[in-house]
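Asker: So that we are looking at the same thing, I have put the structure below in structure tokens.
The values are calculated or read from the model by the stated rules, or taken from the named source; none is laboratory data. For clarity, every value in this text was computed on a predicted model and none was experimentally measured. Here Cβ is always computed from backbone atoms with ideal geometry, including for glycine, and neighbour counts include all displayed protein chains.
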Amino acid sequence: MKFAELQQGRRIEAGPTRVLAAEIIEFARKFDNQWFHTDPLRAESGAWSGLIASGFHTCSIAMHMVAETILEGSESYASPGLAYVKWPHPVRPDDLLTLHVEVLEAKVSISKPWLGVIRWRWQLVNQDAITVLDLEATSLFNLHGAALAVPPE
């Protein structure tokens, strides 16, 4: 989607995508090597009563969905960060996740008229409509064209 299509109030849905136990373990072994993400047998007796995905894996799943559904072919080139990120419920093997995105604000920078700024909320929910990720992100769009390696001054 192009920046111009992301007006305030727009809602977009992506997914669903299924999370496999092997993916949870693979991600965790590489990036978040804690036993409740990597050891299904030990996780059974843990506080979560089973294997759960890393919160950062959950964020990566959402990012993948946004990149494929919204950012592909757009002028997006960077993000200065997140206002907040919450994991109110764990992601478990075989969860079916759907992403709900709401554009909270869309504006063109006054000082840098080539810069589009999107502030949006991403909520990832499982098959039971339970929220597993809630975040607010800011994304930057190069309105002079995505092909520019360095934005104009």
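Asker: What do you reckon, is residue 132 over 23 Å from residue 5 (Cβ atoms), modelled with pLDDT of 95 or more and not acidic (Asp, Glu)?
Answerer: On the way: over 23 Å from residue 5 (Cβ atoms): yes; modelled with pLDDT of 95 or more: yes; not acidic (Asp, Glu): yes.
Yes; evaluated as a whole, the condition is true for this residue.
Asker: If you don't mind, there's one more thing I want to ask. Restricting to the stretch 24-48, name every residue that is part of a helix (DSSP H, G or I), without any contact (Cβ under 8 Å) to a residue 60 or more places away in the chain and surrounded by 15 or more Cβ atoms within 10 Å (Cβ to Cβ).
Answerer: 25, 27, 28, 36, 37, 38, 40, 43
Asker: If the requirement is being part of a strand (DSSP E or B), surrounded by 16 or more Cβ atoms within 10 Å (Cβ to Cβ) and modelled with pLDDT of 95 or more, which of these qualifies: 97, 51?
Answerer: After ruling out the rest, the residue left standing is 97.
Asker: So, residue 74, is that one under 17 Å from residue 1 (Cα atoms), in contact with a helix residue (DSSP H, G or I) (Cβ under 7 Å, 6 or more places away or on another chain) and of a type outside the set (Phe, Trp, Tyr) or not?
Answerer: So residue 74 fits the description; yes.
Asker: Just to be sure before I move on: is residue 53 touching a residue at least 24 places away in the same chain (Cβ under 8 Å) and closer than 21 Å to residue 7 by Cα in the structure I sent?
Answerer: no
Asker: Being of a type outside the set (Asp, Glu) and either surrounded by fewer than 22 Cβ atoms within 10 Å (Cβ to Cβ) or over 16 Å from residue 12 (Cβ atoms) (or both) is the filter here, so list the residues in the stretch 121-132 that pass it.
Answerer: 121, 123, 125, 126, 127, 129, 130, 131, 132
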